[in-house]
Amino acid sequence: MKQNKTGENTEGLRVGVFICDCGSNIAGHLDCAEVTKYAANLPGVVFTKENLYTCSEAGISEIQNAIRENNLNRVVVASCSPRTHHPLFASSCAQAGMNPYLFEMVNIRDQCSWVHMGQRDIATAKAKDLVRMGVAKSTALEPQKDIESSIIRKILVIGGGIAGLSAAEALAGMGLEVLLVEKEERCGGLMLGLNVLETGKSAAGQVSELAATVAATAGVTVFTASRVAEISGYIGNFKVAIETPTGRVEDTVGCIVVACGAVPLVEEGLFGYNGKDVITQMELEQRLATGSFKAARVVMIQCAGARNATREYCSRICCATAVKNAMIIKRKYPLAEVHVLYRDMQMYGDEKEQMLWDARGMGIKFHVFDQKKPPRVGDGKVTFQHAVLDETKEFKVDLTVLSTPLVARPESSQVAALMRVPCDKNGFFLEAHAKLRPLDFAADGIFVCGSARYPVTSVEARTQGLGVASRIGAILFKEKLVKSGIVAEIDQETCVGCMGCLNVCPYEAIIFNRETGVCEVKEILCKGCGNCASTCPSHSAVLRGYKPEQLLAQIRAI
Amino acid sequence: MLDVGRHPNIELMAYSEVEQVEGSAGCFKVRVRRKARYVDEDKCTGCGACREKCPTDVLDMYNEGHSTRKAIYSWFAQGIPSTHTIDPDHCRVLQGKKCGVCQKRCEAGAIDFEQKDKIVDLDIGAIIVATGYTVFDPGKIPEYRYRDLPNVVTAVEFERFLSASGPTHGHIDRPSDILARREIADLEKEESRLQKTLARYEEKAGATSQSVFETFAAETATPEQQQWMEKYREYLPLTEKLAALRSKAEGFATAKRLAFIQCVGSRDLRFYPFCSGFCCMHSIKEAIIAHEHENATTSVIFGMDIRAVGKGFDEYKVRGGNKSNITYRRSRVAEIVNGPNDNPVLVYEDTQQQKVVREDFDLVILATACAPNEGMKDMAAILGIELNRFGFFKTRPENPLDTTREGIFVCGCAHSPMDIPESVAQASSAASRAVQTVTVTPAKLLKIS
């Protein structure tokens, strides 16, 4: 009986080893022919081949022919980075009828030939070590199956503002079913309370039109005056319960969109706020809409309650809102005096900056103040220190308008708790990656858009709402969810239920079964990070493909 | 990028251009010119053996011209596809000269000097335009003397300096010093060439050049002595120049006092009235990275407003001020002039003192505008869509991804200046609009019938 170095049975193992020259990237710096010859004598190896480029079409068909002709049940490719090429080789093996999880890759380029250039002997010896370790690991590998899960082609959208409505519209437009939950009596969100948009069109009109279209679209069910009470399950199969005025509705959805928006800050006493002659921009919008606006001298104060120690963030939209409203006032009452006191005018992009040029042209005055010496409001005047001129200035004022930031809704922490998704320190929902995954949560199948994530304009909210629709389409248009079989498993016999693994799992993929008193892995949520395996004190948690015996086989071969 | 390159549903046509679009939403006919790479994409594995032996150096525009690449190249190391390309303007073979070294070196047999452009006709349901933007050329602003002052660079150039794989390996060497070092290297080559020549004369005559030079009289000298002394006369000033340059180079240090000038070409009625949106953040980022790399670095950011508008951006700005030696100065720099030691001197008004100030820096970085691409007008004509008043593709606020032609969508900086998270979110939205266009729903079927 053949035995390998660790004394394990190697009978029945038929390993094929392919050594790649990578042109001259590998062969230029180490002796590939010698490594190939060496590999042929390793335990279990029945076939070896050196290729100019294993990843080329010719190289791939050589692997596939070798599997068929030599009945290989393990393939080891020693070449470049598994990050780029593992999927190609593994899937090629699968095409030739071998279980792809029995493929093992060894990198003899990035950390071998490239770093030992000019030291041919050392590089060759290291390549031999690496190949020997790879072959040893391959002999301990087990066949695995991809993990599959069914998909419900239905989406829960939480929040019926412009973001949620846009998401629902796009999802329905892709032929998917949508449940839209809005806590108010009617959809529309913050836009219902606005006057007009920069375009001069009615904000409430535009969003109501969209709400009507969405409500009339086949496949969309709108629940107003309702709230989501419960969410459980995982991507593809979330169980949700919605409390509606007519009773509780239960359903199953494949994905969830969080679009519950934000609210403008209203703070008594802030710059003398009283709701009468010191008001917020939102209140100004309403006065303009209803025609109850009355003032000849208006001062707007930017960053009121934002960009300070309590609320460090810039609320993004208030500068454009202030300029828009200042222009509306000035257009209607050309003799009115309008001053905007600001720290930085956040008129980013093309149209907004143009608005600022136009506003200046209309005679609206802009003055910079220093955060350390904020304006004082009272006795019918506003006094402040001009930061550019370093002079004290004073304006008589009929109406002071505070540009307060949007703040997270008080309920958003409850919504977050339903799905166990994180919020940032300002209470806004925290996306998976600030730059590259702005609309995703780290948890699979849950997405965020609009001001629930961070304050946005109505155009940006609509853009993001449409954006989550394609993120979801990419999941739900598949027949079923298929993911790698490299996931954790917990031995039900030896687990003592200490829940150490549960605490270190970043993906909520481990649950504690109260009936059996042990932990279990939700395979569909597991990403194979191995945190649980390295934490488990009783070695009950292991990661498939990286089990202790598999890693030890590799390590012992050094 | 790797994920896109490997996705089974994505066919990547790099180094290609759209030439013609006919038809309508759902059934466009698109003609694409696949430009000749002179490298067979199916055979090339991107190993780079060809590149190593190519004898022709070309300015590397990926590094903003601060290093060189070869005539056969890939735009940058992680580029997808990794297929190399021959630059026909510089390749010796394609310029009718003798070479072909790459062909001999390529073990995959991928080099094909006979390759021609290929025209491909595609049936397409929806089109997404994501052609990005171009960096404004600061040479158009005479008062900043970008072309004359070596130590005035653009933010993109500085980005390459900060990169570990960039032309300075992440150290902030000053371009004037790099130029001087390059000159020293060139002079040293010339020096050693002359030294060899002189050594031959000296060996033959058994005397030093210096001694012959001292007693040299043109009337009595042999022709050989004449030639010798001619060389020596060339050699003497060269050594002096070299010595002077070397002693100057001893004082070279990396740039530690940085100035960032915002709104170069943007918020400027002479060029682009709009705000480029992302430059305040990249200046802050570059200043923070420079400080991380070298803790003695101080930066001053000159701007009208610091527009840190994005999630966590204002916090980042404040942190830069508190922890990374950044000073934010509200000012529009009037002029940059040259100062001693190649230090650019900024002339600006201290508004609070109401005085004009001159302040010198080691290096000045210009935050250049996000300008519409030059090819945008042609692209608009080919696609049959309109541009807006700023030169970007026109959309409406109600449908922010839809261009003026049904079935064609736009995202990213081709739409308007925007940062990375916004571009990513918009790309998803454009994808969503495109899918809606090609999805058959009962409502659409009803409309058709």
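Computed from the coordinates by the stated procedures, all read-outs in this text should not be read as laboratory data. On a predicted model such as this, the values are computed, not experimentally measured, just so you know. When we count neighbours, we look across all protein chains shown, and the Cβ atoms used for this are built from the backbone with ideal geometry, even at glycine.
Past 30 Å, Cα to Cα: identify those pairs from A:Lys126/B:Lys285; A:Lys396/B:Lys323; A:Lys330/B:Lys377; B:Lys70/B:Lys189, in the order given.
A:Lys126/B:Lys285; A:Lys396/B:Lys323; A:Lys330/B:Lys377, as the Cα separations exceed 30 Å there.
Which FRET efficiency value, to the nearest 0.05, do you get for B:Gln227 and A:Met117 by plugging their Cβ-Cβ distance into 1/(1 + (r/R0)^6) with R0 = 45 Å?
Given R0 = 45 Å and the Cβ-Cβ separation, E is 0.50.
At a Förster radius of 60 Å, what calculated FRET efficiency corresponds to the Cβ-Cβ distance of A:Lys37 and A:Lys480, to the nearest 0.05?
Efficiency, from the Cβ-Cβ distance: 0.85.
What does the charge count near A:Gln492 come to, summing +1 for each Lys or Arg and -1 for each Asp or Glu among other residues with Cβ under 15 Å from its Cβ?
-4
Below 8 Å between Cα atoms, with a sequence gap of 6+, how large is the relative contact order for chain A in percent?
14
With a bin width of 5 angstrom, please list the P(r) values of segment A:86-153 as percents of all Cα-Cα pairs, from the 0 bin to the one holding the largest distance.
Result, from short to long distances: 3, 15, 17, 17, 15, 12, 9, 5, 3, 2, 1, 0 percent.
I need the GluC sites (Glu not before Pro) found in segment B:55-156, filtered to DSSP loop residues with at most 15 other beta carbons within 10 Å of theirs.
Values: sites: B:Glu64, B:Glu107, B:Glu114, B:Glu143; in loops: B:Glu64, B:Glu107, B:Glu114.
Qualifying residues, ordered by number: B:Glu114.
In degrees, nearest 10, range 0 to 90: what is the angle between the Cα axis of helix B:223-250 and the longest Cα principal axis of chain B?
50
So if R0 is 35 Å, what FRET efficiency would B:Thr327 and B:Ala77 give, r being the distance between their Cβ atoms, rounded to the nearest 0.05? Numbers along the way, then the final one.
Working: r = 36 Å, r/R0 = 1.02.
Efficiency, from the Cβ-Cβ distance: 0.45.
List residues of segment B:63-102, by number, whose backbone nitrogen lies under 20 Å from a label position 7 Å along Cα→C-beta of B:Ser163.
Correct set: B:63-87.
Using amide H atoms built 1.01 Å from N in the peptide plane, name the residues 5+ places from A:Val222, or on other chains, whose amide H lies under 5 Å from its own.
Close amide H contacts, sequence-distant or interchain: A:Leu180.
What percentage of all Cα-Cα pairs in segment A:435-545 are separated by more than 17 Å?
Here the tail beyond 17 Å accounts for 62 percent of pairs.
List the equivalent ellipsoid semi-axes of segment B:294-449 in whole Å, largest first, each obtained as the square root of 5λ for an eigenvalue λ of the Cα gyration tensor.
Semi-axes, largest first: 46, 19, 13 Å.
Taking the simple approach of a point 7 Å from Cα along Cα-to-Cβ for both A:Lys381 and A:Val266, what is their distance in nm?
3.1
Which whole-number percent is the relative contact order of segment A:261-341 (Cα, under 8 Å, 6+ apart)?
RCO, segment A:261-341: 31 percent.
Quick one: net charge of B:Ile385's neighbours, Cβ under 13 Å, K/R +1, D/E -1?
Result for the local shell: 0.
Can you give the convex hull volume per residue for the Cα atoms of the protein assembly as shown, as a whole number of Å³?
233
Could you calculate the contour length gain from A:Glu391 to A:Ser61, that is, 0.36 nm times the residue separation minus the distance between their Cα atoms, to one decimal place in nm?
Once the chain is fully extended between A:Glu391 and A:Ser61, it gains 110.9 nm.
Could you give me the radius of gyration and the Dmax of segment B:70-135, taking only the C-alpha atoms into account and expressing both in angstrom?
Final numbers for Rg and Dmax: 15.9, 47 Å.
7 Å from Cα along Cα→Cβ at both B:Leu242 and A:Met499: what's the point-to-point distance in nm?
With each label placed 7 Å out from Cα toward Cβ, I get 7.7 nm.
How would segment A:249-405 be classified by its alpha-carbon gyration tensor: rounded, prolate or oblate, with rounded meaning a/c under 1.5 and the a/b versus b/c comparison settling the rest? Intermediate results must be reported in sequence, preceding the final value.
Numbers: a/c = 1.66, a/b = 1.56, b/c = 1.07.
Cα axes put segment A:249-405 in the prolate bin.
For segment A:1-145, what does the alpha-carbon gyration tensor say about shape, rounded, prolate or oblate, given a ≥ b ≥ c as the root eigenvalues, a/c under 1.5 as rounded, and a/b over b/c as prolate?
oblate
Report the net charge of residues surrounding A:Lys425, where surrounding means a beta-carbon distance below 13 angstrom and charges are Lys +1, Arg +1, Asp -1, Glu -1.
Here the count lands on -1.
With a point put 7 Å past each Cα toward its Cβ, work out how far B:Thr404 is from B:Leu122 in nm, to one decimal.
Between B:Thr404 and B:Leu122, the simple spin-label model gives 2.4 nm.
Using the structure shown, list the pairs from B:Lys35/B:Lys116; A:Lys527/B:Lys311; A:Lys276/A:Lys381 with a Cα-Cα distance above 19 Å, or answer none. Walk me through the numbers before you get to the answer.
Values: B:Lys35/B:Lys116 7 Å; A:Lys527/B:Lys311 28 Å; A:Lys276/A:Lys381 15 Å.
In this structure, A:Lys527/B:Lys311 exceed 19 Å between Cα atoms.
Any idea how far the Cα center of segment B:217-264 sits from the one of segment B:331-374, in Å?
Answer, in whole Å: 32.
Give, in nm to one decimal, the length gained when the segment between B:Lys35 and B:Val4 is fully stretched (0.36 nm per residue of separation minus the Cα-Cα distance). Walk me through the numbers on the way to the answer.
Numbers: separation 31, 0.36 × 31 = 11.16 nm, distance 2.08 nm.
Additional length available on full extension: 9.1 nm.
Can you classify chain A as rounded, prolate or oblate using the Cα gyration tensor, where a ≥ b ≥ c are the square roots of its eigenvalues, rounded means a/c under 1.5, and otherwise it's prolate if a/b beats b/c and oblate if not? Write out the running numbers ahead of the final one.
On the way: a/c = 2.86, a/b = 2.16, b/c = 1.33.
The shape class here is prolate.
DSSP loop (so not H, G, I, E, B), at most 13 other Cβ within 10 Å: list which GluC sites (Glu not before Pro) in segment A:498-535 pass both filters.
For GluC sites (Glu not before Pro) across segment A:498-535 that sit outside H, G, I, E and B with at most 13 neighbouring Cβ atoms in 10 Å, the list reads A:Glu515.
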